[in-house]
2 protein chains.
Amino acid sequence: MNMMIKAYKRKLDVANGRIDLSHGAGGRAMGQLIEGIFHKAFDNDWLRAGNDQSAFSVPGGRMVMTTDGYVVSPLFFPGGNIGTLAVHGTINDIAMAGAVPLYLSASFIIEEGFPLVDLERIADSMGAASREAGVPIITGDTKVVERGKADGVFISTAGIGMAPDGLDLRSDAARPGDAVIISGSIGDHGVAVMSKRENLEFDTDIVSDSAALHGLVADMVAAGGAHIRLMRDPTRGGIAATLNEIASQSRVGFRIDEEAIPMKPEVAAACEFLGLDPLNVANEGKLVAVVAPEGADAVLAAIHAHPLGAEAALIGHVVADDNYFVQMVTSFGGGRIVDWLSGEQLPRIC
Amino acid sequence: MNMMIKAYKRKLDVANGRIDLSHGAGGRAMGQLIEGIFHKAFDNDWLRAGNDQSAFSVPGGRMVMTTDGYVVSPLFFPGGNIGTLAVHGTINDIAMAGAVPLYLSASFIIEEGFPLVDLERIADSMGAASREAGVPIITGDTKVVERGKADGVFISTAGIGMAPDGLDLRSDAARPGDAVIISGSIGDHGVAVMSKRENLEFDTDIVSDSAALHGLVADMVAAGGAHIRLMRDPTRGGIAATLNEIASQSRVGFRIDEEAIPMKPEVAAACEFLGLDPLNVANEGKLVAVVAPEGADAVLAAIHAHPLGAEAALIGHVVADDNYFVQMVTSFGGGRIVDWLSGEQLPRIC
């Protein structure tokens, strides 16, 4: 009896404590961890109810669901951390369908020995990002694995949202003549993460562009929803992968103008230093929109008017091409084919 | 050009291949992996559409959402593997709210070097489990981390479902006098997994009870929905953790009769051998239901009539107790307090 009462009183020592296997064992230590870090950070009644699932009401209609795993290394980088990335990335995958994100879930897989203070910092910034976006994290799970069986913490988030009536964005909807718009400068996220990587650290002022894009998307849909064919956030693999995916799914080609692609000089310099093609470098707060020609001006104007879209640009067009090639007109007037990577260039960038 | 064409033709060698970092890099190798293993195994049009999210229509009403991470070790055990566990566990978390599971998502975090043939086996059995349950996996994500930074594969699944009108099961709804029913024998999953653990292997015929419980729940709701206060699946921490959680959330106590708890003799023997209290051992195909006294017979009869509930039993009652204690009347006629574990007993059991 005495031991039990003592166990009730053992406090979670966030400042000095570390994750141990008991934090994943379904007992009292896990309850303390969840309450002391996650419930406090995410701060909503769904979590406090303490069920293994959370309930909410929806009007009837079209919904979307998405999931993403996050394994970014290092966990903290200029402009964000694995937690903010998870919140923004999952919201963005919902927003790319033109949908309004409603709720998120979060599954944490944590390595034994991980400092509680780092976990709290990640959870607190996830909570802040989710509140800022207005998309609460309503359900979650925590697992712990032995030291050396994970790498700090991995997070998998899932999200659901409601799609407006009549808006059906599809990856096979691009048509020759459509405009290709990017909402801002490329490569910021990848360069920011690489700049903090062990054995690679270099000086740069670049911070990750990690941001939730659903507000921007809402403005775009309001301005020209009927003309938007599809949207994608060019994360892993960069805009090269995104354009190649759309090309093969829509059975079209792209002609892109290198000079029109917005890029910060520091990103260009870092990519040269690292030997990376910025077209392959991940973005976490940008979108590529393919828009019917008659709607391009209105959609681009709506993006420009949004704080996250000031540097947006029309970077090229969809063309008919039986090879589904992404062609780029280079700054020197020449041309090249932009392939997606067949191998690995930037592991664990998100 | 030549290299690109060759890259297009590189086949996924499932029989001999292993995961490398390119399978998580967002390029062509990842596309091949997803198509060659996951799309084939999960086999539905949502995934084949190739979007970062999937869309579906719902009638208006109350929905539930849940998520779980799976880190079970070993990955394959008698009666299932990490993939079937993920499908069943997430379906069960939805079902415990009395809801009808609709859709699942799956996020894979895979260690470099993991055999493709094992990944295919896991994916194929997940696909089979999801089809058998009628709950498709409609969206997913794949990440790869370096050798030594994970342990084979981790899976995080999320799920959503629709809750029937008027059924609002809550963890604080247990009332003194309510009946406590368990749907079958306890401890099978934990013992099955432990029996295959390195340095611990022992002979047993016990297989995991891993199963999707939504069909059983539907029968229970039809038979006595208005009388069901709440349901829980006693996974990590076993029925000891489940009853203690309910006790503290509902601010009640429990009085449980040890003799009434169904348990296979092999499970009892293995627990004695391993020094485990079977009340703490995980179950993955059982539920605990707290039912108003006037509905207990009807609900128990409905469970008994279902293939997954043949061994169901009424194991005790809710009592008023300001200490929220779970008391057990032992086989010898004595009594003891069943505490939840303050430390770790069975790491990575799910």
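Scanning region A:275-301 for residues that are open to solvent by less than 40 Å² (accessible area, probe 1.4 Å) and either in a helix (DSSP H, G or I) or at positive phi (or both) yields a total of 7. Filter region A:29-70 down to the residues that are touching a helix residue (DSSP H, G or I) at 6+ places or on another chain (Cβ under 9 Å) and of a type in the set (Val, Ile, Thr) and list them by number. Correct list: A:34, A:37, A:64, A:66, A:67. Comparison of B:341, B:308, B:314 shows that the only residue that is out of contact with any Cys (no Cβ under 7 Å at 6 or more places or on another chain) and modelled with pLDDT under 95 is B:341. Within region B:320-345, being of a type outside the set (Ser, Thr, Tyr) and over 21 Å from residue B:237 (Cβ atoms) holds for B:320, B:322, B:329, B:332, B:333, B:334, B:335.
Taking the numbered list (1) closer than 25 Å to residue A:139 by Cα; (2) assigned by TED's automatic domain parsing to the domain that holds residue B:238 in turn, residue B:150 passes all entries but (2). Of the residues making up region B:75-91, at least one is at pLDDT 95 or above, in the same structural domain as residue B:158 (by TED's automatic domain parsing) and farther than 24 Å from residue B:151 by Cβ. For region A:54-71, a residue qualifies if it is facing another protein chain (nearest Cβ under 7 Å) and of a type outside the set (A, V, I, L, M, F, W, C), and the qualifying residues are A:54, A:57, A:59, A:60, A:61, A:62, A:66, A:67, A:68, A:69. Selection of first residues in region A:115-144 that are over 13 Å from residue A:23 (Cβ atoms) and of second residues that are surrounded by 20 or more Cβ atoms within 10 Å (Cβ to Cβ) and acidic (Asp, Glu), restricted to Cβ pairs under 8 Å at least 6 apart or on distinct chains, gives the following pairs, ordered by first then second residue: A:139/A:52.
Count of region B:125-154 residues, restricted to those that are within 22 Å of residue B:49 (Cα to Cα), assigned to a strand (DSSP E or B) and hydrophobic (A, V, I, L, M, F, W, C), is 2.
Yes/no per residue for (1) at negative phi; (2) among the charged types (D, E, K, R); (3) surrounded by fewer than 23 Cβ atoms within 10 Å (Cβ to Cβ); (4) in a loop (DSSP other than H, G, I, E, B):
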site	(1), (2), (3), (4)
A:186	yes, no, no, yes
A:191	yes, no, no, no
A:200	yes, no, yes, yes
A:204	yes, no, yes, yes
A:210	yes, no, no, yes
A:218	yes, no, yes, no
A:223	yes, no, yes, no
A:229	yes, yes, yes, no
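Looking at (1) crowded, with 21+ Cβ neighbours inside 10 Å; (2) more than 30 Å from residue A:196 (Cα to Cα); (3) aliphatic (A, V, I, L, M), which one does residue A:305 not meet, given that it meets all the others? Every listed condition holds for residue A:305 apart from (1).
Quick grid of which residues meet (1) at the interface with another protein chain (Cβ under 7 Å from one of its Cβ atoms); (2) open to solvent by less than 10 Å² (accessible area, probe 1.4 Å); (3) assigned to a loop (DSSP other than H, G, I, E, B); (4) under 27 Å from residue A:204 (Cβ atoms):
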{"position": "A:26", "(1), (2), (3), (4)": "yes, yes, yes, no"}
{"position": "A:35", "(1), (2), (3), (4)": "no, no, no, no"}
{"position": "A:41", "(1), (2), (3), (4)": "no, yes, no, no"}
{"position": "A:46", "(1), (2), (3), (4)": "no, no, no, no"}
{"position": "A:73", "(1), (2), (3), (4)": "no, no, yes, yes"}
{"position": "A:86", "(1), (2), (3), (4)": "no, yes, no, yes"}
{"position": "A:123", "(1), (2), (3), (4)": "no, yes, no, no"}
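Given the condition open to solvent by less than 10 Å² (accessible area, probe 1.4 Å), among the small types (Gly, Ala, Ser) and assigned to a strand (DSSP E or B), answer yes or no: does some residue in region A:55-67 qualify? No, every residue in region A:55-67 fails to be open to solvent by less than 10 Å² (accessible area, probe 1.4 Å), among the small types (Gly, Ala, Ser) and assigned to a strand (DSSP E or B). When the residues of region A:125-146 are filtered to those that are more than 19 Å from the chain's Cα centre (by Cα) and surrounded by fewer than 24 Cβ atoms within 10 Å (Cβ to Cβ), the one that is farthest from residue A:290 (Cα to Cα) is A:146.
Summed over region B:172-206, the residues that are touching a strand residue (DSSP E or B) at 6+ places or on another chain (Cβ under 8 Å) and of a type in the set (Val, Ile, Thr) give a count of 4.
The values are calculated or read from the model by the stated rules, or taken from the named source; none is laboratory data. No experiment lies behind these values; they were computed from the predicted model shown. Methodologically, a virtual Cβ is constructed for each residue, glycine included, from the backbone with ideal geometry; neighbour enumeration extends over all protein chains shown. We work out accessible area using only protein heavy atoms, side chains counted, and drop any ligands, DNA or RNA first. Shrake-Rupley method; radii C 1.70, N 1.55, O 1.52, S 1.80 Å.
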